[in-house]
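The values are calculated or read from the model by the stated rules, or taken from the named source; none is laboratory data. These numbers were taken from a predicted model, which means no experiment stands behind them. Note: ideal-geometry Cβ built from the backbone for every residue, glycine included; neighbour counts use all protein chains shown. For the accessible areas, the whole protein counts, side chains as well, though only heavy atoms, and no ligand, DNA or RNA atoms are used. Shrake-Rupley method; radii C 1.70, N 1.55, O 1.52, S 1.80 Å.
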Amino acid sequence: MHTILILGGGKSAIFLIDFLAESCQAKDRKLILADIDLASAQEKLKNQPNTEARQLDIENTGARQSLIKEADVVISMLPAFMHPLVAKDCLDFDKHFFSASYESDAMHEMKSAIEAKGLFFLNECGLDPGIDHMSAMQIINFAKSKGEEIISFKSYCGGLLAPESEDNPWKYKFTWNPRNVVLAGQGTSRYLEKGDLKFVPYHQLFNRLETIQFPELGDFDGYPNRDSLSYRKVYGLENIDTMLRGTLRRDGFCKAWNVFVQLGMCDDSFQMNLPESITMKQFLNSFLPYDKELSVEEKLGNLIPDFDFPTWEKIQWLGFLGNDLLPKTTGSPAAILQAILEKNWKLYPEDKDMIVMQHLFQIKTEEGIKEIRSSLVCYGEDATYTAMAKTVGLPLAIAVDLFLDGKMDLKGLHRPVLPEIYTPILEELARRGIRFKEEERLL
């Protein structure tokens, strides 16, 4: 009997859990779900056969290692910084390892040892990273097989609200880790545009937007991710002229978010200790220049260029121009902003989310330059069975299932960029309604 261990049963894990729990009923397997909240883990397993919930504090080394020893395959759904800790245990105890998160430097340092032990470690097998890699590599390898040259590749992805749940001016609510949303884009973004290297510091990031269109959904803002350059090698596109991976938000979101960036409210580098009586408006004013002749509204309008009504509406809707008390008065500016947003951008049980992803290729062919637009739109069912959870969890679950069935005969440290990994996963995702629509035209 194969034993599968899932570490962490958070929001993104529900489809992963359901898929693998169902597979345990049909195949000779056992599923252990370990979480710090035992009751939550038990609820997610629904008393299904061959499943067991365990309580685990991941920082308890002895308990963690004892649990990993019981498993054949370990899936980490923990925060990304904990993956190397779990991966090292898996390496020490000869267990295979899977995650949906980026392959870290710490993970890469284990590469030779993973290969020497004949283990299979798969990272970046979720949504972004994950489905983006798989769907892009399918197009890239098909073009290369015909002797065509890819000269431009841009890929954007966003976790947003389904249109029927866009009930606020931002057209946004939290469908994944709020802290990651607030801190998104910090650092310097790097990409390649028509042969020129581009470096975009955080304070300029939300000024460097590209409009991305989905015919049935309208326009979105696209901004570059932190690192696009390293993926030239991952995708086998070392000589490409344009390479950009980015994030999508609804049209107008980034202009309003840039207000917080320019004011310094996304700063996570220092702590504030504010009076309990401070209002939202006073908090906003603390980031504005002193001028006794001007109101907060006037100072804000003077400081932010092109401060238009849609932007004003978004800031006002969050309560920053009112006299409600701050929900949190200690912590970094980013932490306080997060508390404000968690109150306003809460996902209600009836809300539905949406995943949008689009690849834009320019390919040199015998007929001329061809453009391929490959688009994915995936809708959630409710606030539990979200599109985010579906697109993060299903690729990972399918990969584990294929591996245990002996249909993914690989060893070493991998991302899902090989045909033997991505082809069967994409086929199964398509059977479950997660499929791309491709459009081609000659430029």
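Give the accessible surface of the chain per residue, rounded to a whole number of Å², with probe radius 1.4 Å and ligands, DNA and RNA excluded. Display every interim value, and only then the final one.
Details: 19360 Å² over 443 residues.
For the chain, the per-residue accessible area is 44 Å².
Along the chain, the longest continuous region that contains none of the GluC sites (Glu not before Pro) in a DSSP loop with at most 10 other C-beta atoms within 10 Å is 60-215. Excluding ligands and nucleic acids, what accessible area in Å² is computed for residue 81 using a 1.4 Å probe, to the nearest 10? Taking all protein chains as shown, residue 81 has close to 150 Å². For a straight C-alpha distance cut-off of 18 angstrom, the lysines reachable from residue 233 (same-chain residues fewer than eight places away being disregarded) are 111, 144, 154, 194, 198.
One Cα centroid belongs to the stretch 222-238, the other to the stretch 136-206; the line between them spans 10 Å.
Have a look at the DSSP beta bridges in the chain and tell me what percent are antiparallel, nearest 5. So the antiparallel bridges in the chain amount to around 60 percent. Between the stretch 250-306 and the stretch 379-443, what is the C-alpha centre distance in whole Å? Comparing the Cα centres of the stretch 250-306 and the stretch 379-443, I get a distance of 41 Å. Counting only residues at least eight positions apart within a chain, or on another chain, the lysines with an alpha carbon under 17 Å from that of residue 346 are 11, 171, 173, 314, 328. Among 66, 332, 135, the residue with the largest mean-square fluctuation in a Gaussian network model of the chain, with springs joining Cα atoms closer than 10 Å, is 66. Debye-formula intensities of the chain, expressed as log10 I(q)/I(0) at q = 0.07, 0.09 Å⁻¹, are -0.38, -0.64 (one equal scatterer per alpha-carbon, no solvent). The residues neighbouring residue 364, those whose beta-carbon lies less than 12 Å from its own, together hold a net charge of -3 under the Lys/Arg +1, Asp/Glu -1 convention.
Highest mobility in the GNM of the chain, judged by mean-square fluctuation with C-alpha springs under 10 Å and restricted to 208, 373, 415, is found for 208. With one equal scatterer per alpha carbon and no solvent term, the Debye-computed log10 I(q)/I(0) for the stretch 1-146 at 0.18 1/Å reads -1.07. By accessible area, using a 1.4 Å probe on protein heavy atoms only, the stretch 318-443 has 46% of its surface on carbon and sulfur.
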